[in-house]
Amino acid sequence: MTASPSDPTPEPLPEARPDPAPDLGPGPEPAPAGRASLADGLRFAFGTLTVLPVRLTRWDRPAARAGMLCAPVAGLVVGLAAAALGTALLLLDAGPLLAAVATVCVPAALTRGLHLDGLADTADGLGSGKPAEAALRIMKQSDIGPFGVLVLLLALLLQVAALADRYAAGAAHGALAAATAAVAARLA
C-alpha cells in the first residue's frame with residue numbers, strides 16, 4: 001500500500017534479501033598473508049599489462065607486487081610478438097621502415113595503448129605550465145591535448161626511426177632491439 005497525500009510517512013518496504021551465491025566449487029587456495037605465488041604474479045602481469053586473455057585470481061597488494069616483478073616477462077612476450085611481425089615483414093621483402101612501423105604497432109595493440117596514454121597524459125599535465133593540482137586534474141582528463149599529441153608523435157617517430165635503423169642492419173638486429181626495448185620498458 002502506498003502512502004496517501006495526507007499521510008507523511010510511507011509504508012516501509014519489505015526487507016531485501018540477497019540472492020544466494022551460486023556454488024562455483026572450491027576457489028583458488030589462498031596464499032599466505034603477504035605472499036603471492038609466481039603464477040599469481042604472472043597472471044597479474046599479463047592480465048593488467050596486456051590484452052592477452054588471462055584470468056586474474058587475485059587482486060591484492062601481494063599479487064600486484066608479484067605482478068610488477070613479473071612485468072618483464074609480459075614485456076618479453078609482447079616484444080617477441082612485435083619482433084616476429086617485423087621479422088616476417090622483412091622476410092617478405094617489405095623493407096625496414098614498414099617492418100619498424102609494424103613492430104611499433106604491436107606493443108600499442110597488445111597493451112591497449114596503456115603506455116602511450118600515460119605518456120600523453122603526462123605531457124599534457126607538465127606542458128600546461130599550471131600548478132601541481134591543476135596539472136594533475138589535466139592528466140586525469142580522458143581527452144588529449146596538444147602537448148600529448150606532439151609528444152606521442154615524436155616518441156612514435158623516434159621508435160620507428162630507431163627500429164628501422166636496426167632492421168636495416170638485419171632482421172636479427174631489429175628483432176633483438178624490439179624484444180630488448182619491451183623488456184627494458186617493463187623493468188623500468
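The values are calculated or read from the model by the stated rules, or taken from the named source; none is laboratory data. It should be emphasised that the depicted structure is a prediction, and the values quoted were computed from it without experimental measurement. Neighbour counts are summed over all protein chains in view; Cβ atoms, including those assigned to glycine, are modelled from backbone coordinates with ideal geometry. The protein model used for the area step is the full one, side chains on, heavy atoms only, and it has no ligands, DNA or RNA in it. Shrake-Rupley method; radii C 1.70, N 1.55, O 1.52, S 1.80 Å.
If each of residue 122 and residue 52 carries a label point 7 Å out from its Cα toward its Cβ, how far apart are those two points in nm?
Taking the simple label geometry, residue 122 and residue 52 are separated by 2.4 nm.
Carbon-plus-sulfur fraction of the accessible area of the range 57-128, 1.4 Å probe, in percent?
Answer for the range 57-128 is 73 percent, counting heavy atoms of protein chains only.
Counting other Cβ atoms within 10 Å, keep those with at most 15, restrict to DSSP loop, and tell me which chymotrypsin sites (Phe, Trp or Tyr not before Pro) in the range 28-93 are left.
59
Return the long-range amide H neighbours of residue 52 (sequence gap of 5 or more, or a different chain), with a cut-off of under 5 Å between placed amide H atoms.
For residue 52, no residues qualify.
Between residue 180 and residue 38, what length comes free when the chain is fully extended (0.36 nm per residue of separation minus the Cα-Cα distance, one decimal in nm)?
Details: separation 142, 0.36 × 142 = 51.12 nm, distance 2.23 nm.
Between residue 180 and residue 38, full extension yields an extra 48.9 nm.
Charges on Cβ only, +1 for Lys and Arg, -1 for Asp and Glu, centred on the Cα centroid of the range 63-133; of 92, 76, 129, which one is farthest towards the dipole's positive end?
Farthest towards the positive end: 76.
Name the trypsin sites (Lys or Arg not before Pro) in the range 33-100 that are in a loop by DSSP and that have at most 11 other C-beta atoms within 10 Å, would you?
Within the range 33-100, the qualifying trypsin sites (Lys or Arg not before Pro) (loop, at most 11 other Cβ atoms within 10 Å) are 35, 55.
If I compute solvent accessible area with a 1.4 Å probe over the protein chains, what percent of it on the range 140-187 is carbon and sulfur?
The computed percentage sits at 73.
List the relative contact order of the range 24-127 as a percent without decimals, with contacts defined as Cα pairs under 8 Å and 6+ residues apart.
In percent, rounded to a whole number, it is 23.
Using only alpha carbons, build the gyration tensor for the range 69-188 and give me the equivalent ellipsoid semi-axes, biggest first, whole Å.
Listed largest to smallest, the semi-axes of the range 69-188 are 30, 16, 10 Å.
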